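Single-structure report; data block below.
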Amino acid sequence: MIDVRNFHKTFLSPHAVRALVDVTVKIEQGEVVVVIGPSGSGKSTFLRCLNHLEAADSGHILIDGIDILNPKTDINKVRAEVGMVFQSFNLFPHKTVLENVTLAQVVVRKRSKEQAFEKAMMLLKKVGIGEKANGYPDQLSGGQQQRVAIARALAMDPKIMLFDEPTSALDPEMIGEVLDVMKTLAREGMTMVVVTHEMGFAREVADRVLFMDEGAIVEEGTPEHFFKNPEHERTRLFLSQIL
Amino acid sequence: MPMGTPTSDGTPKNTGYYVWVGVFFFIVIGVAYSLYYATLKIDYVWRWYRIPQYFLFKEQVEVRAQIQGTVHRITMKEDLVLVEVKEGDIKETYPVPAKALRVREGDFIYPGDVLGAYPRWRVGILMEGLWLTLKVSLIAIIFGVIIGLFGGLARISKNPAFKWLAITYIELIRGSPLLVQIFIWYFVLGTLINTILARHGLIQIPPLWFGVAALACFAGAYVAEIVRAGIQSIHRGQTEASRSLGMTSAQSMLHVILPQALRRILPPLAGQFISLIKDSSLLGIIAIRELTKATREVVTTSLQPFELWFLCALLYLFLTFTLSMFLQYLERRQLIT
């Protein structure tokens, strides 16, 4: 489903930083992969590269067999198949909750207004915000906004969902409601890549955990293996600091 | 009142507050009175009663005979009467409103005799000037916004041709005086275009449109910078969110970024529009009789500069204040989406 080969990425401004160094990883369909690591380790950059929000220096990223780094690829088509959820929600503040979820369906997927409306209401109910559909994002709590953002991404019927620290900007009491929605998604067989600091979520839901540090994947394995007997010294140090 | 009464912003008003309100009115009234007093000293006679005629006045219309002869026949036609003047083979018919008729059948008429006279309301020169100022400003604002929108988008484009063209345009227009630009539009471009049109037997473009073009291009450069700033003020996450849903950059701009940016740039746009209305007063130099030129003409003939120039200022204030209220209304209601 996702095939990353020898991927390198350097940020040039404000000063040269090697963000990703020789990242190679394969993610299968239906797999839930949780990426953890200290801040600045390149895990968010890695996720953003999967959606081509960041360009690459060298390497290949194949999404469903399509090389997204090939300039000839229609990146918008690929992005429509890959949903993304951001740390700061990034809902459209000038649109109602319902319009947030229908906009891309109509504009990108060319669905009729009625189809888009039905799909949106179905998804909003699924994430538990059906009754707030006609409100504006700033009338919702952080947790509710993030659930709308998930519904917005799901409305495109994506094959892959990327989560970039979806709970980091939330008040503690709201983290649970967002994680619950993500767990439901995982159970339904969605291919997911999740960057998070929620170790509980990783333990419970992940099929595989990737540990990144200084732009490289240091260690990967099942949560069982990862949390009980990590092989790498840096992994052990990180885990001892956060657990 | 030592405790004070609460105001709209919640802070209590103390006695000192009212003293300073008093100071404000004292200064305003004082300045106005000093001015009035000074005019008394130079024997200026205020004649406000003569001003309304420049807005609306009654004109006496006279229907005069062109030929000599007798009034042969007077026939009714709805509320008009047709006066037929005849001598030998020569016959002419003049329509006159029934109430204004001053001749009878059989009267002998010389050329230039009044057959009928009636009053008619006419719009005065200041009213015409005000209307022209409003018209020129509105057209220039509409085109200015269109130019500014595309100019602003070009300014942030990655395409060097668009980007550098936009920068050149903005810097040229913002860096040179509007007066000079109006001269160039009228005397250089206007002459070129109208000469070429004349060579091909086409109709000429009146000066008004060169004036509008100068104003629109001038405002467009400022609007472009406002639009650019508005777009850049929208958080990057909005673009990322819309692009991650598969929208093209044009779709993202149209549906997500621009609606938010337009809402945000309404206040600076209002300032720009107000500037533009006032700048239209420069168009008098290319023989467009807008409000300022109309006022100047009336001052020359009536010798009442005090009343007229105050009035002119008030009329501009009326236009700009109305516009500013309208834009504030838009901002509050968020009608622009």
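The values are calculated or read from the model by the stated rules, or taken from the named source; none is laboratory data. Note that the structure is a prediction, hence the values are computed from the model and not measured. Methodologically, a virtual Cβ is constructed for each residue, glycine included, from the backbone with ideal geometry; neighbour enumeration extends over all protein chains shown. The accessibility values were calculated without ligands, DNA or RNA, using every heavy atom of the protein model including side chains. Shrake-Rupley method; radii C 1.70, N 1.55, O 1.52, S 1.80 Å.
Name the longest site-free stretch of chain A, where the excluded sites are trypsin sites (Lys or Arg not before Pro) in a DSSP loop with no more than 10 other beta-carbon atoms within 10 Å.
That would be A:111-243.
With an 8 Å cut-off on Cα pairs and a minimum separation of 6 or more residues, tell me the relative contact order of region B:125-336 in percent.
Once normalised by length, the contact order is 30 percent.
At most 14 other Cβ atoms within 10 Å and a DSSP loop assignment: could you name the GluC sites (Glu not before Pro) in region B:78-180 that fit?
B:78, B:105
Within region A:186-243, list the GluC sites (Glu not before Pro) lying in a DSSP loop whose Cβ has at most 14 other Cβ atoms in a 10 Å radius.
In loop regions of region A:186-243 (DSSP not H, G, I, E or B), the sparsely surrounded GluC sites (Glu not before Pro) are A:188, A:231.
So how far, in whole Å, is the C-alpha centre of region B:16-82 from the one of region B:135-198?
Using only Cα atoms to place each centre, the spacing works out to 40 Å.
For chain A, what relative contact order do you get, as a whole percent, if you take Cα pairs closer than 8 Å and at least 6 residues apart?
Once normalised by length, the contact order is 27 percent.
Within chain B, which DSSP H helices have Cα atoms that stretch 27 Å or more along the helix axis and a mean Kyte-Doolittle hydropathy of at least 0.5?
Span-like helices, by this rule, are B:15-41, B:125-155, B:207-233, B:305-333.
Can you send over the solvent-accessible area of residue A:180, 1.4 Å probe, protein chains only, in Å² to the nearest 10?
We get 80 Å² for residue A:180.
Counting only heavy atoms of the protein chains, get the accessible area per residue of region B:37-119 (1.4 Å probe) and round it to a whole Å² value.
The answer is 69 Å² per residue.
Give the angle, between 0 and 90 degrees and rounded to the nearest 10, that separates the Cα long axis of helix A:172-187 from the longest principal axis of the Cα atoms of chain A.
90
Stick to the Cα atoms of region B:125-336, pair each with every other, and give me the Kirkwood hydrodynamic radius in Å at one decimal.
When all Cα pairs of region B:125-336 are included, the Kirkwood radius is 19.0 Å.
List the lysines whose alpha-carbon lies under 16 Å from that of residue A:126, not counting same-chain residues fewer than 8 positions away?
A:183
On a straight-distance basis, which lysines could pair with residue B:91 in a cross-link, Cα separation under 29 angstrom, same-chain partners fewer than 8 positions away excluded?
Within the straight-line cut-off, residue B:91 pairs with B:77, B:99.
Could you compute the FRET efficiency for residue A:169 and residue B:58, with r as their C-beta to C-beta distance and R0 at 56 Å, rounded to 0.05?
According to the calculation, E is roughly 0.20.
For chain B, with a Gaussian network of springs between Cα atoms less than 10 Å apart, report the residue from B:16, B:230, B:220 with the top mean-square fluctuation.
Of B:16, B:230, B:220, the Gaussian network model singles out B:16 as fluctuating most.
How far, in nm, would the chain grow between residue B:309 and residue B:73 when pulled straight, counting 0.36 nm per residue and subtracting the alpha carbon separation?
Gain on stretching residue B:309 to residue B:73: 79.7 nm.
Straight-line reach from residue A:110: which aspartates and glutamates have Cα under 16 Å away, leaving out those fewer than 8 places along the same chain?
In chain and number order, the partners are A:81, A:99, A:118, A:157.
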